[in-house]
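This report concerns only the one structure given below.
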Amino acid sequence: MPEALPIFPLNIVLFPGMTIPLHVFEHRYRRLVSELLGPTLAGGEVGGRERGPVRFGTVWIELGHEVASESGQGAGGTDSGVPGTAGGGGRPTLPLVSPVGCTAVVRDVRTYEDGRYDLVVEGGTRFRIDDLPEVDASSPDEYSSASVTLLPEAMGPDAEEHAERVRDLYEVYRGRLSEIGMAPETSRDLPRDPVALSHTVAASIVLDPAEKQRLLEAEDAATRLAVAARFLRRENRIVTAPTLPNLPAGPFLDNGVSFN
């Protein structure tokens with residue numbers, strides 16, 4: 001059943017179960033957060049028994065200028081415009097975002113007197129955008145809302161076998177990164193469930209955002225694990241190279257901070 005979600009474009013790919021901090025300073029996204037949280041701010045609690053968790057939709061920016069890089073707050077973030085999806089008809093509205101994203105549940109919030117927010121959000125459920133109506137990009141307070149379909153988390157064929165292979169490869173990966181002081185921030189005990197494992201590993205590997213997006217869009221856990229295994233084999237070869245090349249900046253290298 002399609003549902004409406006406010007859309008928050010990010011320069012990173014959020015996965016189910018992944019936790020990241022967000023600094024919200026652009027007017028349109030301040031408004032988004034304010035309308036989502038509403039009276040929960042006054043009581044200091046996010047969500048609640050009656051209201052349920054506060055969530056919005058996050059999507060990776062495939063193309064577009066980033067506000068943070070223009071405002072001197074570091075690389076990463078959302079565009080000052082409103083998003084359009086890849087493959088949409090006509091001239092796209094920047095930023096161009098991927099059609100598959102992940103819901104974000106607000107776990108913690110800090111407010112500032114000037115209207116900014118610091119959030120801690122956790123990835124919830126993958127979704128596919130069905131319709132992303134255009135809004136007035138010239139208005140500083142207009143943000144996008146999309147009609148989305150939440151995606152099921154299927155196991156896929158031979159998921160357990162793929163999971164065992166990925167666990168072995170990931171242990172090698174973690175060990176080699178630890179030797180050079182770049183260990184990913186994941187628990188030593190990886191999830192036993194193949195679906196949860198596929199998201200945990202996908203969130204933790206240092207990859208380009210386009211490769212992260214490919215993992216997010218995988219149709220089932222078995223496919224995601226098979227692709228992750230190929231990436232892990234490649235990364236394990238890179239890490240053991242005599243001269244370590246520049247690696248893509250993954251979430252655990254920049255502390256997962258995304259500016260909007």
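The values are calculated or read from the model by the stated rules, or taken from the named source; none is laboratory data. Note that this is a predicted model, so its numbers are computed, not measured. Cβ coordinates were reconstructed from backbone atoms using ideal geometry, including for glycine residues, and neighbour counts include every protein chain displayed. Side chains included, ligands, DNA and RNA excluded: accessible areas come from the protein's heavy atoms. Shrake-Rupley method; radii C 1.70, N 1.55, O 1.52, S 1.80 Å.
Conditions (1) out of contact with any Leu (no Cβ under 6 Å at 6 or more places or on another chain); (2) open to solvent by 60 Å² or more (accessible area, probe 1.4 Å); (3) modelled with pLDDT of 95 or more, marked per residue:
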site: 123; (1), (2), (3): no, no, yes
site: 126; (1), (2), (3): no, no, yes
site: 132; (1), (2), (3): yes, no, no
site: 142; (1), (2), (3): yes, yes, no
site: 152; (1), (2), (3): yes, yes, yes
site: 155; (1), (2), (3): yes, yes, yes
site: 186; (1), (2), (3): yes, no, no
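Scanning the range 92-135 for residues that are within 18 Å of the chain's Cα centre (by Cα), of a type in the set (A, V, I, L, M) and within 19 Å of residue 3 (Cβ to Cβ) yields 97, 100, 104, 105, 106, 121, 129. Apart from one condition, residue 225 fits all of (1) of a type in the set (A, V, I, L, M); (2) open to solvent by 10 Å² or more (accessible area, probe 1.4 Å); (3) assigned to a helix (DSSP H, G or I); the exception is (2).
Rundown of residues vs (1) in a strand (DSSP E or B); (2) closer than 30 Å to residue 235 by Cβ; (3) free of Cβ contacts under 8 Å to residues at least 40 places away in the same chain, yes/no style:
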residue	(1), (2), (3)
105	yes, yes, no
108	yes, no, no
113	no, no, yes
118	yes, no, no
130	yes, no, no
142	no, no, no
146	yes, no, no
149	yes, no, no
160	no, yes, yes
